[in-house]
1. For LYS96, indicate whether it is surrounded by fewer than 20 Cβ atoms within 10 Å (Cβ to Cβ) and either over 16 Å from the mean Cα position of the chain (by Cα) or of a type in the set (D, E, K, R) (or both).
2. Output the qualifying pairs, or none if there are none: Cβ atoms under 7 angstrom, residues six or more apart or on different chains, first residue in the stretch 54-78 and closer than 22 Å to ASN101 by Cβ, second residue modelled with pLDDT under 95 and not hydroxyl-bearing (Ser, Thr, Tyr).
3. Out of (1) more than 16 Å from VAL173 (Cα to Cα); (2) open to solvent by 40 Å² or more (accessible area, probe 1.4 Å); (3) of a type in the set (Lys, Arg), the odd one out for LYS139 is which?
4. Can you pull out every residue in the stretch 110-126 that is within 23 Å of CYS175 (Cα to Cα) and open to solvent by 60 Å² or more (accessible area, probe 1.4 Å)?
5. Mind listing just one residue for me: the one in the stretch 163-179 that is open to solvent by 10 Å² or more (accessible area, probe 1.4 Å) and assigned to a helix (DSSP H, G or I) and, of those, farthest from ASP215 (Cα to Cα)?
6. Can you say whether ARG151 is on the phi < 0 side of the Ramachandran plot, more than 17 Å from the chain's Cα centre (by Cα) and modelled with pLDDT of 95 or more, as far as the supplied structure shows?
7. May I ask you to say which residue of LEU191, LEU131 is under 27 Å from VAL67 (Cβ atoms) and either in contact (Cβ under 8 Å) with a residue 60 or more places away in the chain or open to solvent by 10 Å² or more (accessible area, probe 1.4 Å) (or both)?
8. In this structure, does ARG58 turn out to be surrounded by fewer than 24 Cβ atoms within 10 Å (Cβ to Cβ) and modelled with pLDDT of 95 or more?
Amino acid sequence: TWGSNLIDYRIDNMISLERFNEHLVYDPEVEEAIKNRKPVVALESTIITHGMEYPVNRDTALEVMKVVRENGAIPATIGIIGGKIKVGLTPEEIDKLASSNKSCRKCSRRDIGVAIVKKENGGTTVSGTMLIAHLAGIKVFVTGGIGGVHRGAELSFDVSADMTELGRTAVAVVCAGAKSILDIPKTLEYLETQGVPVIGFKTDFFPEFFIPCSDSKVSARLGNHSILKFKQCQKPKRSVQK
């Protein structure tokens with residue numbers, strides 16, 4: 001138990017999305033890009049805090065940001081530093097998270113309020129990054145593999161928070177499918193129930209993170225010259241989830 005009614009009260013209040021906005025701190029370049037409607041790509045930070053060892057985690061994060069820039073967009077790596085939600089981590093802040101990864105909190109939607117109140121450092125998961133990107137006005141988020149339905153979930157009920165976030169948050173997630181240790185058919189069934197379009201880029205089959213395709217089909221396929229069509233696919237979801 002927390003042992004403090006005051007802390008419990010503050011956590012309850014931090015859970016409201018309106019109060020999350022009070023704790024967003026923008027990198028100046030990212031803030032300007034959002035205001036001027038320039039292309040911005042959100043990036044998660046659990047790959048930094050929980051995915052790799054130092055300094056590979058730091059170098060990988062910086063390399064991904066470089067790739068985003070080389071393709072004409074502004075990278076906005078999202079994470080939590082000292083209880084502040086940073087929209088656009090600097091290289092120094094990335095190094096701080098990377099080198100202190102053992103003490104960082106893994107932050108899905110559920111954990112962000114606690115990290116704010118306790119002034120912790122944290123890496124944001126797919127669900128946490130989606131939520132913050134949406135609040136910040138960033139429409140596209142790139143990650144490696146999403147979470148999903150675990151094998152044996154009919155007994156354990158072990159389903160990633162990414163699944164419900166994908167169904168309720170209007171951010172396009174570009175990824176390499178779900179992690180291959182998961183139950184892919186059940187993951188796709190769950191996404192269908194949540195109303196999430198699963199669109200394959202030049203493929204009819206759902207990838208499994210390290211594996212380019214599985215036996216399961218995506219709900220639609222887009223090719224090389226389909227960016228405008230992709231934007232049109234997003235519009236119905238955004239018109240409902242504003």
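1. On the way: surrounded by fewer than 20 Cβ atoms within 10 Å (Cβ to Cβ): yes; either over 16 Å from the mean Cα position of the chain (by Cα) or of a type in the set (D, E, K, R) (or both): yes.
So LYS96 fits the description; yes.
2. Listed pairs, sorted by first residue: TYR54/ASN101; ASN57/ILE47; ASN57/GLY51; ASN57/ASN101; THR60/ILE47; THR60/MET52; ALA61/ILE47.
3. (1)
4. Of everything in the stretch 110-126, just one residue is within 23 Å of CYS175 (Cα to Cα) and open to solvent by 60 Å² or more (accessible area, probe 1.4 Å), namely ARG110.
5. Restricting to residues being open to solvent by 10 Å² or more (accessible area, probe 1.4 Å) and assigned to a helix (DSSP H, G or I), the top hit is ARG168.
6. On the way: on the phi < 0 side of the Ramachandran plot: yes; more than 17 Å from the chain's Cα centre (by Cα): yes; modelled with pLDDT of 95 or more: yes.
Here the answer is yes, as ARG151 does meet what is asked.
7. On the way: LEU191 fails: either in contact (Cβ under 8 Å) with a residue 60 or more places away in the chain or open to solvent by 10 Å² or more (accessible area, probe 1.4 Å) (or both).
After applying the criteria, what remains is LEU131.
8. Working: surrounded by fewer than 24 Cβ atoms within 10 Å (Cβ to Cβ): yes; modelled with pLDDT of 95 or more: yes.
Here the answer is yes, as ARG58 does meet what is asked.
The values are calculated or read from the model by the stated rules, or taken from the named source; none is laboratory data. Since this is a predicted model, take the numbers as computed values, not measurements. Don't worry about glycine lacking a Cβ; one is built from the backbone with ideal geometry, like all the others, and counts go over all protein chains shown. Protein only, heavy atoms only, side chains kept; ligands, DNA and RNA dropped before computing areas. Shrake-Rupley method; radii C 1.70, N 1.55, O 1.52, S 1.80 Å.
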